[in-house]
Amino acid sequence: MRIVVDLSRCQGYAQCAFLAPDAFRMHGEEALMYDPSPDDAQREQVLRAAAACPLQAIVVDRLEGRDAAVEVSP
């Protein structure tokens, strides 16, 4: 799993840091620090954190396992 945060959109609401503290943390009051490749054991927390972002600044790339994208043919 890979995480990308659009830091130009992030406003420091810290919902992600509250929901997935091992993957996201605030540095000061406005700067977000994050682990771009969190451990797979944090998957549910990271997905909840991304969904809770009020500005949808977090993108989770779920490459492996049950979360892999499925292509549908026409």
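Taking a cut-off of 17 Å, what percent of all Cα-Cα pairs in region 1-40 are separated by more than that? So the portion of pairs separated by more than 17 Å is 21 percent.
Only protein heavy atoms count here; under a 1.4 Å probe, residue 2 has an accessible surface of about 120 Å². Simple spin-label estimate for residue 35 and residue 4 gives 2.1 nm between the two label positions (7 Å along the Cα-to-Cβ direction from each Cα).
The values are calculated or read from the model by the stated rules, or taken from the named source; none is laboratory data. Quick caveat: nothing in here was measured; it's all calculated off a predicted structure. Virtual Cβ from ideal backbone geometry, glycine too; neighbours counted across all protein chains shown. SASA here: full protein model, heavy atoms, side chains in, ligands and nucleic acids out. Shrake-Rupley method; radii C 1.70, N 1.55, O 1.52, S 1.80 Å.
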